[in-house]
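Undergrad: I'd like to ask you about the structure that follows.
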Amino acid sequence: MEKNNIIFGPINSRRFGMSLGIDLSPSTKQCNFDCLYCELAPMATVDAQSEVVEIPTIISELKKHLSQSIDVITLTANGEPTLYPYLSELIDEIDKIKNTTQTLILTNSATLIEEKVFNALLKLDQVKLSLDAISNDVFKKIDRPHENININDVVDRVKEFSKIYKGKLFIEILFVHGLNDTKQEVEKLNNVLLDINCERIDLGTIDRPPAYPVVGISYKELHEVSLIFDSSLPIHIASRVHAEPYNAYYSDEEILNTLDKRPLTMDDINLLFDTDSMARLKNLIDKQKVVKKVVGNLEFLIPHANEKRKLKK
Ligand code: SF4
């Protein structure tokens, strides 16, 4: 097994900071899902890794790349990182050398139904769980899971995890046109999310060439979807690689209402507002009617009146 493809980066991620990646399946895709939108090639699902990297190999590679400029060590994979059979032991070994660097995993959530994985993830500083659908038929169409993975069981475990986890929990939903972007499915996602404690909910869509012929939704549609979610939820529109500027007019009142319903980052606003609306926003910021609030690595704009009530865990 090649050693030089286990560690990648550092990558400066807007959402998580300077991230050094560990690929727990460097030689081939090993995943319990075969998502339509996967940026890796389609492949039959598995429920266990057959090609496993030894912990000492990972740690010795990590030591070579770890430096003070790294904010987060991200456990990821060509596939699903929680299929790595020694995950708990690996986290313990990373903890011995990581110092103040945070640990993060990006997972599709399905293995949370296994006690061993659930407990291993509790030890991490940050966890990002994907949750694309609540209805079984939509889940099966988008994520194409390994046999016997039941979305209801996964959702129950995600809720349970969020209640006892002490670190920073992020949820990510990736929207595929015509599948999970329907009002009905978004409302189901909303109801579940109201019962999950998390730092932030990232809404995204397809930004890179997908494994199967599916398409994402536009930035405008993503913004419209975001408005269906309850305003108490810490929603963040994360996808913008191919975002088309919307250049809409917003009056002062509309700016305050929009930010009240859904706090936005400056990047979002650059995509949504026209030049005059940007000037009006600047004026509102100068008058402190709109203020900045930092959540994780992102800075959101919210009406001053709502500063206390928005974006709480
Ligand atoms: S869970 Fe991730 S790696 Fe696995 S198929 Fe889906 S997108 Fe690809």
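The values are calculated or read from the model by the stated rules, or taken from the named source; none is laboratory data. As the structure is a prediction and not an experimental result, all values here were calculated from the model. Cβ placement follows ideal geometry from the backbone for every residue including glycine, while neighbour counts extend to all protein chains displayed.
Undergrad: Are there any pairs, at least 6 apart or on different chains, whose C-beta atoms fall under 9 Å, with the first in segment 1-29 and assigned by TED's automatic domain parsing to the domain that holds Y86 and at pLDDT 80 or above and the second in a loop (DSSP other than H, G, I, E, B) and aromatic (F, W, Y), and if so, which?
TA: If the second residue must be in a loop (DSSP other than H, G, I, E, B) and aromatic (F, W, Y), the pairs left are L24/Y84; S25/Y84.
Undergrad: What tally of residues in segment 49-79 results from selecting those that are within 14 Å of the ligand (Cβ to nearest atom), touching a helix residue (DSSP H, G or I) at 6+ places or on another chain (Cβ under 8 Å) and more than 26 Å from V214 (Cα to Cα)? Explain how you work it out, then say what you get.
TA: Residues of segment 49-79 that are within 14 Å of the ligand (Cβ to nearest atom), as a first pass: 49, 74-79.
Subsequent filtering for residues that are touching a helix residue (DSSP H, G or I) at 6+ places or on another chain (Cβ under 8 Å) retains 49, 75, 77.
From what is left, the residues that are more than 26 Å from V214 (Cα to Cα) are 49, 75.
Here the count works out to 2.
Undergrad: Cβ-Cβ below 9 Å, separation at least six or inter-chain, first residue in segment 250-261 and farther than 17 Å from F300 by Cβ, second outside any loop (DSSP other than H, G, I, E, B) and of a type in the set (D, E, K, R): which pairs?
TA: S251/R280; D252/R280
Undergrad: Residue check: is E185 closer than 17 Å to F229 by Cα and touching a Gly at 6+ places or on another chain (Cβ under 9 Å)?
TA: Criteria not met by E185.
Results for (1) within 17 Å of the chain's Cα centre (by Cα); (2) away from the ligand (no atom under 14 Å from the Cβ); (3) hydrophobic (A, V, I, L, M, F, W, C), shown as yes or no for each residue.
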site	(1), (2), (3)
V127	yes, yes, yes
R144	no, no, no
I151	no, no, yes
K159	yes, yes, no
C198	yes, yes, yes
G204	yes, no, no
S218	no, yes, no
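Undergrad: While we're here: Would segment 74-84 turn up any residue that is assigned by TED's automatic domain parsing to the domain that holds G178 and loosely packed, with under 15 Cβ neighbours inside 10 Å?
TA: No, segment 74-84 contains no residue that is assigned by TED's automatic domain parsing to the domain that holds G178 and loosely packed, with under 15 Cβ neighbours inside 10 Å.
Undergrad: Just to be sure, is L174 surrounded by 14 or more Cβ atoms within 10 Å (Cβ to Cβ), within 24 Å of V294 (Cβ to Cβ), of a type in the set (A, V, I, L, M) and touching a residue at least 24 places away in the same chain (Cβ under 8 Å)?
TA: On the way: surrounded by 14 or more Cβ atoms within 10 Å (Cβ to Cβ): yes; within 24 Å of V294 (Cβ to Cβ): no; of a type in the set (A, V, I, L, M): yes; touching a residue at least 24 places away in the same chain (Cβ under 8 Å): yes.
When the stated conditions are applied, L174 does not pass them.
Undergrad: Name, by its number, the condition in (1) assigned to a loop (DSSP other than H, G, I, E, B); (2) surrounded by 21 or more Cβ atoms within 10 Å (Cβ to Cβ) that does not hold for S27.
TA: Condition not satisfied by S27: (2).
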